[in-house]
Amino acid sequence: MSHVFVDESKARDYLLISAVVVAADLGQARRAIRALTLPGQPRLHMKKESNRRRRQILTTIDGLAPEVTIYRAGTLWRTELERRDQCLHALVADIADQGHTYLCLERDASLVGRDRQQLIEATRATGCADRLSYRHESATAEPLLAIPDAVGWAWARGGDWRRRCEKVVTDTINL
C-alpha cells in the first residue's frame, strides 16, 4: 500500500507532481521532512529557501526514494484549470493501475470544489472509487507535501536543480 502526495508547479509549464511513498515508510519520511523545518518555519517551501537549504532538502528527498511522476499539460488546453483537470484524470488512471489507496493534494481553497468533481469523475471512470480515498491538505499539516513541491520546483528550474532530483523521477508524462 502506498500513499500519493500531489502539488503543482506553474513556473514554466503546468506540472502536476505526484510522489508515491510506501505506507510502511510514512513515519520515517515525515520525521525526515520535519527535521529539515527550521524553528519558527511552518513548512518547507522551495521558493522561500536558500540555495544551500534547497540542496539539503533535495538530498534528503533523494534518500527517502519516493517514486515521483511528473504530469505536464501543454498548450493544447487553454487554461490552467483545463490543464489541471487533464493531469488529475491521468493521475487517477495511473493510481488505479498501480493500486494506490490514498491521495493527498495540496490545498488551494479556490480549487477544492472543482478538484472533488474531477476526482469523482476520474475514480468512477477508472473503477477505483471504492478503494481510493483522497483529501486536500495544507502543507503545514502534511509535511510530505514538501516532496512534490521540492521536486516540482527543481524540475521546473532545470539544469543542476533538475539533475539533483532526476533519480526520484520515475516517469514524465506529457499530455
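The values are calculated or read from the model by the stated rules, or taken from the named source; none is laboratory data. Please read these numbers as outputs of a predicted model, since none were measured by experiment. A quick note on method: Cβ atoms are made from the backbone with ideal geometry, for glycine too, and the neighbour counts reach across all protein chains shown.
Scanning the stretch 99-111 for residues that are under 19 Å from ILE173 (Cα atoms) and either modelled with pLDDT of 95 or more or touching a Lys or Arg at 6+ places or on another chain (Cβ under 6 Å) (or both) gives LEU103, LEU105.
Pairing each residue of the stretch 130-151 that is within 17 Å of ASP108 (Cβ to Cβ) with any residue that is part of a loop (DSSP other than H, G, I, E, B) and of a type outside the set (Val, Ile, Thr), provided the two are 6+ apart or on different chains, yields C-beta distances under 6 Å for HIS136/ARG107; GLU137/ARG107; SER138/ARG107; ALA139/ARG43; THR140/PRO42; THR140/ARG43; LEU145/ALA139; ALA146/LEU44. Within the stretch 28-49, residues that are among the aliphatic types (A, V, I, L, M) reach partners that are assigned to a loop (DSSP other than H, G, I, E, B) and crowded, with 17+ Cβ neighbours inside 10 Å with beta carbons closer than 8 Å, at six or more positions or on different chains, in the pairs ALA29/PRO66; ILE33/LEU44; LEU36/LEU44; LEU44/ALA139. Listed by position, the helices (runs of 4 or more DSSP H) inside the stretch 25-132 whose residues that are touching a His at 6+ places or on another chain (Cβ under 8 Å), crowded, with 18+ Cβ neighbours inside 10 Å and not hydroxyl-bearing (Ser, Thr, Tyr) number at least 3 are 112-126. Taken together, the criteria exclude ILE17 from residues that are modelled with pLDDT of 95 or more and outside any strand (DSSP E or B).
For SER110, the conditions (1) among the polar types (S, T, N, Q); (2) in contact (Cβ under 8 Å) with a residue 12 or more places away in the chain; (3) under 29 Å from ARG54 (Cα atoms) all hold with the exception of (2). Just one residue in the set ARG53, ARG114, ARG84 is basic (Lys, Arg), closer than 24 Å to ASP171 by Cβ and out of contact with any Ser or Thr (no Cβ under 9 Å at 6 or more places or on another chain); that residue is ARG84.
Yes/no per residue for (1) basic (Lys, Arg); (2) touching a helix residue (DSSP H, G or I) at 6+ places or on another chain (Cβ under 9 Å); (3) at pLDDT 95 or above:
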residue	(1), (2), (3)
ARG78	yes, no, no
VAL92	no, yes, yes
ASP149	no, yes, yes
GLY159	no, no, yes
ARG162	yes, yes, yes
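Set side by side, the residues ALA109, ALA93, ALA156, ALA122 differ, and just one is under 15 Å from the mean Cα position of the chain (by Cα) and on the phi < 0 side of the Ramachandran plot, which is ALA156.
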